[in-house]
1. So R213 clears everything in (1) charged (D, E, K, R); (2) modelled with pLDDT of 85 or more; (3) touching a Ser or Thr at 6+ places or on another chain (Cβ under 9 Å) except one condition, right? Which one?
2. Among A30, A5, which is the only one that is more than 25 Å from A79 (Cβ to Cβ) and not polar (S, T, N, Q)?
3. Among the listed residues G143, G111, which satisfies the condition of being in contact with a helix residue (DSSP H, G or I) (Cβ under 7 Å, 6 or more places away or on another chain) and either under 27 Å from V248 (Cβ atoms) or not in a helix (DSSP H, G or I) (or both)?
4. Could you check L322 against (1) without any contact (Cβ under 8 Å) to a residue 60 or more places away in the chain; (2) within 24 Å of Q125 (Cα to Cα); (3) assigned to a helix (DSSP H, G or I) and say which number it fails?
5. Please return the ranges of helices (runs of 4 or more DSSP H) entirely within segment 1-71 where 2 or more residues are more than 27 Å from I137 (Cα to Cα) and either open to solvent by less than 10 Å² (accessible area, probe 1.4 Å) or touching a His at 6+ places or on another chain (Cβ under 9 Å) (or both).
6. Check L118 against each of (1) assigned to a helix (DSSP H, G or I); (2) open to solvent by 10 Å² or more (accessible area, probe 1.4 Å) and name the one condition it does not meet.
7. Can you run down the residue pairs with Cβ atoms below 6 Å, 6 or more apart or on separate chains, where the first is in segment 353-367 and under 19 Å from A30 (Cβ atoms) and the partner is assigned to a helix (DSSP H, G or I) and of a type in the set (S, T, N, Q)?
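The values are calculated or read from the model by the stated rules, or taken from the named source; none is laboratory data. Fair warning: this is a prediction, and the values are worked out from it, not measured in the lab. FYI the Cβ positions are ideal-geometry reconstructions off the backbone, even for glycines, and counts take in every protein chain you see. Ligands, DNA and RNA are stripped out before the accessible areas are found, and what is left, the full protein with its side chains, is counted by its heavy atoms. Shrake-Rupley method; radii C 1.70, N 1.55, O 1.52, S 1.80 Å.
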Amino acid sequence: MQIYAISFGVYGVVSIFTLMIYGALPAIAAKNGLPPQQISLLYLSMIPFMLSFFYSGFVESYRKKPPRNFKLLCLTLGAVSVLGFVLLGVVCAPSDILLMSVVFVAMCLLGACAIISLNAIAIEQTSADKKVALNTIMLLASGVGGVLGIVLALFVYEEFGFSVACYAMAMCVGVLCVPFVLMSSSGKYGNIKSSTEHTKPTHSILKTIKTPRLWWQLGFLCACMLPITLANTTSTMLLVYIGFSLQVVGIFSAILNCAIMFVGSPLAYFFIRILGFRRAFIALLGFCVVVFVGLVVNMWLWQNHAFIVLGLAGVSVYFCALFVFVYSLGMRWCEGSTQSGVDFSFLRSAENACFVIGGVVASQILGIFIAQEKLDSLSSHSSDFIGFSLCEVLGKSGIESSVANGYGVLFCASLLFAIIALGIVVRDKKIT
């Protein structure tokens, strides 16, 4: 079994529940009038990804002794995810945020372990040229997981309720586990034998922590990722607050968070080949700055719904293209390391920390601006636009002032970090 199929399966399974956390569940909670402060518990369930670096050495040692442990780890991830969704379907309701968070913690812990091992295998068993292609495939798998975890979940929830939506997610995870069942147990997952197969593995968290270069790289990756985590973690809530039904939110989420991945990641790969890595990266960050300038101005001046959707689409383009760049950079930075899995897990903690911190900070900021009586009013007056034409849906303007101010502050913070990341890439010619 090739590493590409395994990567697609792992990222597909993980993306189903992570993007359900970031996309579907905040929209469902907003529709039910739950305050943003409670919704932040969902983002806290991602802490196992945030802290994955600290147990990455143990995971890597487990993966290599013997190699079939990686297959066992992937199968366990799939089995626990399926059972977790079934459990939520049996005993949980949309208001049971705490119970959902506990179940998702278990899924995230196993997902983090599988990704640690998968990334180490990808670093060891792929050439520099194939790393960009592999990361593109991972983004495509995330798009598939997003379609299932956001769009399908919202549509099924609207039509059949929360329990059936959870059962549907369990079935989807089961399908994506097929590559794990067919996986080779020999330790050779690609076309190249693992470079560490005949060497004694050494994994030291302290060695990584004491490397100043890795800390600088971690800070740079955080500056690149914070714009999307502050904006995207509550984007579906914004669509609910401005009056869209969950079915309409699902349609737009398919475009904003999922379908664009099938376009954005191949485009990133294409522009890297045409412009070179650094120039393409500068162009992407410049595009991000323009998008957030437009979103801030629109939120405080025009409040046009079509422009909001267009701006969020631009954020999604940045999202899917960015990870082709940062994953490729991270893998290249770790190529010469004797503990590549541990070092790369440290760099990946930037992504995980930004999603957790970004989601919690964004929800708390919105909670400051939007009072409970406003939430009750917004949820009770949410309109169903399914019968309207697309032009009628997008032609509306006007946002409740507290919602506009809350999201205006979030988009300003995203703009600030985008400018910082762009300035670093322009000044540092070593980022290539």
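1. Of the numbered conditions (1) charged (D, E, K, R); (2) modelled with pLDDT of 85 or more; (3) touching a Ser or Thr at 6+ places or on another chain (Cβ under 9 Å), the odd one out for R213 is (3).
2. Selected residue: A30, the only one of A30, A5 that is more than 25 Å from A79 (Cβ to Cβ) and not polar (S, T, N, Q).
3. One residue alone meets the criteria, G143.
4. Only one criterion in (1) without any contact (Cβ under 8 Å) to a residue 60 or more places away in the chain; (2) within 24 Å of Q125 (Cα to Cα); (3) assigned to a helix (DSSP H, G or I) is unmet by L322, namely (1).
5. Per the criteria, 25-31, 36-44.
6. (2)
7. F355/T229; G358/T229; V360/S40; S363/S40; G367/Q37
Per-residue answers, yes or no, for (1) within 21 Å of the chain's Cα centre (by Cα); (2) farther than 21 Å from I420 by Cβ; (3) modelled with pLDDT under 85; (4) in a helix (DSSP H, G or I):
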{"position": "P266", "(1), (2), (3), (4)": "yes, yes, yes, yes"}
{"position": "I274", "(1), (2), (3), (4)": "no, yes, no, yes"}
{"position": "A280", "(1), (2), (3), (4)": "no, no, no, yes"}
{"position": "L310", "(1), (2), (3), (4)": "yes, yes, no, yes"}
